[in-house]
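Everything below concerns the one structure shown next.
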Amino acid sequence: MSNSTAIISSNKDGSIKKRCHLIKRQKSYRKTRSSVAQSTIHLNKILRSHKLTTNKNQNNYTEIVDDDDIDHVEINVDNEMNEKVNALPVLAAAFSTGYFIDINCKLLPETMLDELAHKTYEFVQQQGILSRSLVLHTLDDPFLSRYVNRVYVGDFENNHKPVNLRDGLDMNIVLYKVKYERPHQHNITIEGEHINIGRRWSLPHDEFECLWESLEYDLPIKSQLIQYVFTVVRFSKAKIDRRIIHCNQTILLYGPPGCGKTSLCKGLAQKVSIRMKELFKKFYFYEMNAGNLFSKWFSESSRNVSRFFDDVQLQCMDKNSFVIVLIDEVESLSAARSAALASNEPSDMLRVVNTLLTHLDRLKEFSNVLVVTTSNLIEAIDLAVLDRSDISQYIGPPSTRGIYNVFKACFIEMMEKYVIKPIIYIPEIYDNDISDKLSQQLKEKLIYLARESNGLSGRTLRKLPMLAFAHSLTMPVPVDQLIQAMKQCIEQKKETDNYVGEMSYNNNCR
């Protein structure tokens, strides 16, 4: 089987219109009559890179028939730039509505792309009314369960207007396969000492699956970020003069620890690599290891920063690649220079900040790169670094609704794995029309837990079921027993936080 990716649009009548098909193996073609063509595939320059031969008729159309039964398909071989430009309006509409169906496939045979898209679209329509993103881990259809790992339906956030999937909406359907190889380690050796200064993933990667959907925010933060990335790409394709309209291609996510800043960055990179496959052939994710950049050797710290960004810049030279760079806890790398001077910090620290700023400016020469920084202490970041961020987004603890959705996802996962009992339907927090008594009771208990958990980070919330489960020796654990144990864990966590807060306050008052 070939490792291919297809991006397909569904029409309102339920039919499937194929837009882009990236073929990874050589095929033979022969000319047939255009009257039998039933769908259109726009092929880009990848045809020539794989030495595929085509026969063109007078209308610049080529039709194919091969041994894999891909017959009655009309091929329009456009140049690469036109193909990308034509994809922009379709993607713009999908990003504005969130009408995506992302299909993570186990196998992606080229001869079955249409059937996979049709079957998945029909299966998704059966889900009915949808008001938030849906992840389908279990597929009852035998055909889909053979070829599909999971399906992501919609990119909706809280307060989204409910949509009826049975209405035959225009959905942007993406079929893809994730990569499983380990990330490339960027290691250097100084005076016999081996240092890791960063890692690089090729996307989409299995390690980043489900991160995007696991994050809950009251504001449409995720849609704003991914639309910003798409806008950067659109401005680049339109050749907007950056001397007139500035674009630094840099995002800063700040807030207390454990609220999902790093996960949001990785999830954003994954979704960009899936949904912008028509615009770029390869996607890479770089993560800087800021803690290892500082060296005991004079001036080596700034050189380590340069070594990392030199590798990023080299990758950006490939215009068919899109690169996302994560600088986690950027305050450790870009502490305010004024504070460093006031506290007599060594000049090497100042060199690191200056080197970082220089390389951020150099990356602006490339339109196929995005830099995302995160910080727990925004007040410690140098003002020049802050000024270079197009978006500075606060990421705080989830609200009661967000906490409820986190707990709901945790309970559904435990029920599906049969570690808690009984299996009970868990409604949405706003659903007041619940006929099942057990569902209503479970909803009320989860709302109570969510209110008691206000102020806790997302990282802590997702640990609570595991910590509570450890209090029981039975298997499976009754739902009510687990909820009671979670309540005790929440009380213990709050007591610990209050004690730490008092100690910190007393130390500051001394």
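The values are calculated or read from the model by the stated rules, or taken from the named source; none is laboratory data. Keep in mind that what you see is a predicted model, and the values were worked out from it rather than measured. No Cβ is skipped: glycine too gets one built from the backbone with ideal geometry, and neighbour counts run over all protein chains shown.
So E278 fits all but one of (1) more than 27 Å from D382 (Cα to Cα); (2) surrounded by fewer than 18 Cβ atoms within 10 Å (Cβ to Cβ); (3) among the acidic types (D, E); what number is the exception?
Result: E278 passes all but (2).
Tell me, please, whether a residue that is under 15 Å from the mean Cα position of the chain (by Cα) and over 23 Å from K319 (Cβ atoms) can be found in region 179-199.
Let us first name the residues in region 179-199 that are under 15 Å from the mean Cα position of the chain (by Cα), namely 179.
Narrowing further to those that are over 23 Å from K319 (Cβ atoms): none.
So far as region 179-199 goes, no, none of its residues is under 15 Å from the mean Cα position of the chain (by Cα) and over 23 Å from K319 (Cβ atoms).
Could you tell me whether any residue of region 252-266 is under 23 Å from L88 (Cβ atoms) and modelled with pLDDT of 90 or more? Explain how you work it out, then say what you get.
From region 252-266, those under 23 Å from L88 (Cβ atoms) are none; that's our starting set.
Checked against the condition, which is being under 23 Å from L88 (Cβ atoms) and modelled with pLDDT of 90 or more, region 252-266 yields no hits at all.
Just a yes or no: is a residue in region 482-496 farther than 24 Å from L134 by Cα, of a type in the set (S, T, Y) and part of a helix (DSSP H, G or I)?
So the first thing to find is which residues in region 482-496 are farther than 24 Å from L134 by Cα, and the list is 482-496.
From what is left, the residues that are of a type in the set (S, T, Y) are 496.
Subset that is part of a helix (DSSP H, G or I): 496.
Checking region 482-496: at least one residue is farther than 24 Å from L134 by Cα, of a type in the set (S, T, Y) and part of a helix (DSSP H, G or I).
Quickly run through region 446-459 and pick out the residues that are of a type outside the set (D, E, K, R), in contact (Cβ under 8 Å) with a residue 40 or more places away in the chain and out of contact with any Cys (no Cβ under 8 Å at 6 or more places or on another chain).
The answer is L446, I447, L449, A450, S453, N454, G455, L456.
Among all residue pairs at least 6 apart or on different chains, which show Cβ distances below 9 Å where the first residue, located in region 76-97, is farther than 24 Å from L165 by Cα and of a type in the set (D, E, K, R) and the second is part of a helix (DSSP H, G or I) and modelled with pLDDT of 85 or more?
K84/K237
Based on what the data block shows, is Y418 touching a Ser or Thr at 6+ places or on another chain (Cβ under 6 Å), surrounded by fewer than 18 Cβ atoms within 10 Å (Cβ to Cβ) and at pLDDT below 95?
Here the answer is no, as Y418 does not meet what is asked.
Please verify whether region 427-439 includes one or more residues that are among the basic types (K, R) and surrounded by 15 or more Cβ atoms within 10 Å (Cβ to Cβ).
First, the residues of region 427-439 that are among the basic types (K, R): 437.
Remaining after also requiring surrounded by 15 or more Cβ atoms within 10 Å (Cβ to Cβ): none.
No.
Considering only region 100-217, give the helices (runs of 4 or more DSSP H) lying wholly within it that have at least 1 residues that are touching a residue at least 60 places away in the same chain (Cβ under 8 Å), at negative phi and not assigned by TED's automatic domain parsing to the domain that holds Q315. Before you say what the answer is, go through the steps one by one.
On the way: elements: 113-125, 142-147, 211-214.
Here the list reads 113-125.
For region 465-482, give me each residue that is within 31 Å of the chain's Cα centre (by Cα) and under 16 Å from I426 (Cβ atoms).
In the first step, residues of region 465-482 are kept if they are within 31 Å of the chain's Cα centre (by Cα); the result is 465-469.
Matches in region 465-482: P465 only.
With over 30 Å from K237 (Cβ atoms), assigned by TED's automatic domain parsing to the domain that holds S472 and touching a strand residue (DSSP E or B) at 6+ places or on another chain (Cβ under 6 Å) as the only criterion, which of I429, I434, I420, I424 stands out? Explain how you work it out, then say what you get.
Values: I429 fails: touching a strand residue (DSSP E or B) at 6+ places or on another chain (Cβ under 6 Å); I434 fails: touching a strand residue (DSSP E or B) at 6+ places or on another chain (Cβ under 6 Å); I424 fails: touching a strand residue (DSSP E or B) at 6+ places or on another chain (Cβ under 6 Å).
The conditions single out I420.
Working carefully through the options S273, S306, find the one that is crowded, with 19+ Cβ neighbours inside 10 Å and either hydroxyl-bearing (S, T, Y) or part of a loop (DSSP other than H, G, I, E, B) (or both).
Working: S306 fails: crowded, with 19+ Cβ neighbours inside 10 Å.
One residue alone meets the criteria, S273.
Can you spot a residue in region 236-244 that is touching a residue at least 60 places away in the same chain (Cβ under 8 Å) and either assigned to a helix (DSSP H, G or I) or crowded, with 18+ Cβ neighbours inside 10 Å (or both)?
yes
Could we say that E452 is of a type outside the set (V, I, T) and loosely packed, with under 13 Cβ neighbours inside 10 Å here? Break it down into steps so the answer makes sense when it comes.
Working: of a type outside the set (V, I, T): yes; loosely packed, with under 13 Cβ neighbours inside 10 Å: no.
For E452, the condition - of a type outside the set (V, I, T) and loosely packed, with under 13 Cβ neighbours inside 10 Å - is not met.
With the condition kept exactly as written, say whether any residue in region 487-496 is in the same structural domain as Y448 (by TED's automatic domain parsing), modelled with pLDDT under 80, surrounded by fewer than 16 Cβ atoms within 10 Å (Cβ to Cβ) and more than 18 Å from P397 (Cβ to Cβ).
no
For region 460-475, indicate whether the set of residues that are in contact (Cβ under 8 Å) with a residue 60 or more places away in the chain, surrounded by 20 or more Cβ atoms within 10 Å (Cβ to Cβ) and closer than 20 Å to E213 by Cβ is non-empty.
Yes: region 460-475 contains one or more residues that are in contact (Cβ under 8 Å) with a residue 60 or more places away in the chain, surrounded by 20 or more Cβ atoms within 10 Å (Cβ to Cβ) and closer than 20 Å to E213 by Cβ.
Looking at region 368-392, which of the residues that are of a type outside the set (A, V, I, L, M, F, W, C) and crowded, with 19+ Cβ neighbours inside 10 Å is modelled with the lowest pLDDT? Walk me through it before giving the result.
Step one: filter region 368-392 for residues of a type outside the set (A, V, I, L, M, F, W, C), giving 368, 373-376, 379, 382, 387-390, 392.
Narrowing further to those that are crowded, with 19+ Cβ neighbours inside 10 Å: 368, 373-375, 382, 388-389.
On the way: N368: 95, T373: 96, T374: 96, S375: 94, D382: 87, R388: 93, S389: 95.
Restricting to residues being of a type outside the set (A, V, I, L, M, F, W, C) and crowded, with 19+ Cβ neighbours inside 10 Å, the top hit is D382.
Before we move on, is M415 under 27 Å from T138 (Cβ atoms) and in a helix (DSSP H, G or I)? Explain how you work it out, then say what you get.
Values: under 27 Å from T138 (Cβ atoms): yes; in a helix (DSSP H, G or I): yes.
Answer is yes for this residue.
Please state which one of I101, I129 is hydrophobic (A, V, I, L, M, F, W, C) and touching a Ser or Thr at 6+ places or on another chain (Cβ under 7 Å).
On the way: I129 fails: touching a Ser or Thr at 6+ places or on another chain (Cβ under 7 Å).
Checking each option against the conditions leaves just I101.
How many residues does region 200-238 contain that are of a type outside the set (S, T, Y) and more than 14 Å from the chain's Cα centre (by Cα)? Walk me through it before giving the result.
Pass one, region 200-238, residues of a type outside the set (S, T, Y): 200-201, 203-213, 215-216, 218-222, 224-227, 229-230, 232-235, 237-238.
Narrowing the set further to residues that are more than 14 Å from the chain's Cα centre (by Cα) leaves 200, 218-220, 232-235, 237-238.
The total comes to 10.
With the requirement that a residue be under 14 Å from L482 (Cβ atoms) and either part of a loop (DSSP other than H, G, I, E, B) or at pLDDT 95 or above (or both), what does region 421-440 give you?
Our first condition is that a residue be under 14 Å from L482 (Cβ atoms); within region 421-440, this holds for 421-424, 426.
Those that are under 14 Å from L482 (Cβ atoms) and either part of a loop (DSSP other than H, G, I, E, B) or at pLDDT 95 or above (or both): P422, I423, I424, I426.
Identify all residues within region 281-297 that are out of contact with any helix residue (DSSP H, G or I) (no Cβ under 6 Å at 6 or more places or on another chain) and at pLDDT below 95; write none if there are none.
K281, N289, G291, N292, K296, W297
Condition first: among the hydroxyl-bearing types (S, T, Y) and touching a residue at least 60 places away in the same chain (Cβ under 8 Å). Can you find one or more residues in region 401-415 that meet it? Steps first, answer last, please.
In the first step, residues of region 401-415 are kept if they are among the hydroxyl-bearing types (S, T, Y); the result is 404.
Then drop every residue that is not touching a residue at least 60 places away in the same chain (Cβ under 8 Å), which leaves none.
The answer is no; no qualifying residue exists.
Quick one: count up the residues across region 269-294 that are under 14 Å from I327 (Cβ atoms) and within 13 Å of the chain's Cα centre (by Cα).
Going through region 269-294 one residue at a time, the tally reaches 2.
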